[in-house]
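Remarks on the structure that follows.
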Amino acid sequence: MELIFLVAICALTALLKQRLGKQLKTNVTFLNLFRLLFHVFVCAHHLYVMVYLAKMDKSKITDPAAKMMLTYAPVYFTPWNFATQGIYFSLSVLYDLLKVLSVSPTKLQRTLNNCLNHIYTGGIFPFSILVFTMFWGLYVIEPEFVFPKSCEETFPSWLNHSLHSWILIFAFVETSLVIRYPKKPKISIRGFNITFSIYHILFVSSRFFIGYWVYPLFNLLTHFQVFVFIWLYYFYMRFLLSLGLQIEKLKYSFVKYRD
């Protein structure tokens, strides 16, 4: 379904370019319009998912695992990644609108662009890849580790893929559309470390508050093994962050050299 919408976005972009390009003396290019429509589509997708989850009646859910996922949603990393994407793509829509309607860059545009660079490299790229690879990697090994079979009755397949599959496709499409190389990469790294630390303070605290880990896999590990596992995927995410920065740097260098 999402692929059909992406094709529709291409067709609508071409139509709008033809109609608006002759009327407005602004940055109405095919690429700018496509970015805008793509970002609007992702925002609509995320909003629909959040409304769907918000409307779920916990009192009618009998499965303990599904009820726990809804009750302790902030403790799971998937909602953190989804919320980060929601913020990023919402700001991207505002940035795209300013870019399409402005002849020359404004101070607000430059500020937004700088923020988006840091959110993407320090959050979207490493978070989305981690959620996809960690969830589906463990799911293939043993579904009970991350998504018990009993939860499938509460959470439909499309919702599962929206939270754990399409988030990666959206991130990769974004990589192909926009250059997001920050002038000060250390800020992206610092922001990533702060977010990682805040999340894991909440995650570890929940273990003592609830009495067990929200992720079933962690309940099979000793405290030392949990400590090692967290550090392993921290370095994995740091590697992804560095990879994302290098990709953006290559894209930036290529465009600068071409110009």
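Okay, here's what the table says:
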{"quantity": "FRET efficiency for Leu101 and Leu31, using Cβ-Cβ distance with R0 set to 22 Å, rounded to 0.05", "calculated": "0.90"}
{"quantity": "CD proxy at 222 nm, helix term only [per DSSP H run n ≥ 4: -39500 (n - 2.57); per residue of the chain; nearest 500]", "calculated": "-25000 deg cm²/dmol"}
{"quantity": "Qualifying chymotrypsin sites (Phe, Trp or Tyr not before Pro) in segment 132-215, DSSP loop, other Cβ atoms within 10 Å at most 16", "calculated": "Tyr212"}
{"quantity": "Filtered trypsin sites (Lys or Arg not before Pro), segment 107-198: DSSP coil and at most 16 other beta carbons within 10 Å", "calculated": "Lys183"}
{"quantity": "Val204 paired with Lys251, simple spin-label distance in nm, labels 7 Å along Cα-to-beta-carbon", "calculated": "3.5"}
{"quantity": "Relative packing of peptides 41-54, 74-87, 114-127 - highest average C-beta neighbours within 10 Å first", "calculated": "114-127, 74-87, 41-54"}
{"quantity": "Average Cα contact separation per residue, the chain, under 8 Å, 6 or more apart, as relative contact order %", "calculated": "23"}
{"quantity": "Order of Ser253, Ser157 under a 10 Å beta carbon neighbour criterion, fewest first", "calculated": "Ser157, Ser253"}
{"quantity": "Entry for Cα extents along the principal axes in Å (calculated from the structure that is shown) out of (i) 51, 49, 42; (ii) 80, 51, 32; (iii) 62, 40, 29", "calculated": "(iii)"}
{"quantity": "Computed lengthening from Ile230 to Lys60, 0.36 nm per intervening residue step minus Cα-Cα distance", "calculated": "57.8 nm"}
{"quantity": "Angle between the chain longest axis and helix 185-210 axis [Cα atoms, degrees, rounded to 10]", "calculated": "30"}
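The numbers here are math on the coordinates, done by the rules we state, and not lab data. Because the structure is a prediction, the values reported are computed rather than measured. As a convention, Cβ positions derive from the backbone with ideal geometry for all residues, glycine included, and neighbour counts pool all protein chains shown.
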